[in-house]
2 protein chains.
Amino acid sequence: MTSTETLNLTFAALADPTRRAILGRLASGNASVNELAAPFKMSLPAVSKHLKVLERSGLISRGRHAQWRPCRLKARPMKEAVDWLERYRRFWEESFDRLDDYLQKLQAQNLQPKEKPQRKKTHGNHKK
Amino acid sequence: MTSTETLNLTFAALADPTRRAILGRLASGNASVNELAAPFKMSLPAVSKHLKVLERSGLISRGRHAQWRPCRLKARPMKEAVDWLERYRRFWEESFDRLDDYLQKLQAQNLQPKEKPQRKKTHGNHKK
């Protein structure tokens, strides 16, 4: 798989909350389809469909025995996803910085006397 | 948006390579729909559709002027995605460790004399 394909399949697989919950369950140990299906109140075919998506993306692997095919978490494609996301880290950190600047500016304005001197007070909540 | 919804929309938005490329372009500065469409040889409606997905997920915002609605990267939802993925870090690091153990074991076996003593040599490439 190319890196682009890995990212396409990994992000698509992770976009579903049931699939994320399945990965969460597998983080505490391998499990069969039946064990995975139990907490979701889903049909086995529905769970199997999710497992196929996870398997295709390389996020899980399955045992080979016909009866007992335990699913196992394989987190490697997540590393590629994190590496891709990390390129944008400075943008989300910047946005926190900007929010921080803005809050400090707001607070400074609030503490400065305007028309008439007012007592220092903490910031009130704005309600819409 | 709940955290679950943010993750659903963010991962779904990131699953498409054109949308990831659009985010990459916006990382170097705000851009109009026309500017974003240019390198992709896509119709404006097709690009607009991608932009709507990105906007809904909170990964971009758009200016309010009717004629010039520059798109702007907003990386905050990516932070949530990385935070979620980071919970699995030990699994992908473990898988590297296991690979490393395996390679060391292979190498150790290779260095041990078997049927007849052999010279120490570096690992050869296996060809299929």
Residue by residue through B:22-35, how many Cβ atoms from other chains fall within 10 Å of the Cβ on average?
1
Summed side-chain charge close to A:ALA46 - residues other than A:ALA46 whose Cβ falls under 13 Å, Lys, Arg +1, Asp, Glu -1:
+3
Surrounding charge for B:ARG64, neighbours by C-beta under 13 angstrom, Lys/Arg +1, Asp/Glu -1, total +2
As an exercise, use a Förster radius of 35 Å and the Cβ-Cβ distance of B:ALA46 and A:SER48 to find the FRET efficiency, rounded to the nearest 0.05.
0.55
Considering every residue in A:9-20, what mean count of other chain Cβ atoms within 10 Å of its Cβ is obtained?
5
Please compute the average number of Cβ atoms from other chains found within 10 Å of each residue's Cβ in peptide A:77-84.
5
For each pair in A:LYS52/B:LYS52; A:LYS105/B:LYS79; B:LYS49/B:LYS74; A:LYS52/B:LYS41; A:LYS49/A:LYS74, compute the distance between the two Cα atoms and list the pairs where it is over 22 Å.
A:LYS52/B:LYS52; A:LYS105/B:LYS79; A:LYS52/B:LYS41
Scan chain A for the residue whose Cβ is closest to the axis carrying it onto chain B, then write down that distance in whole angstrom.
A:PHE11, 2
What net charge is computed for the residues neighbouring B:VAL33, neighbours being all others with C-beta under 13 Å from the C-beta of B:VAL33, Lys and Arg scored +1, Asp and Glu -1?
+4
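Computed from the coordinates by the stated procedures, all read-outs in this text should not be read as laboratory data. Source: prediction; values computed, not measured. A quick note on method: Cβ atoms are made from the backbone with ideal geometry, for glycine too, and the neighbour counts reach across all protein chains shown.
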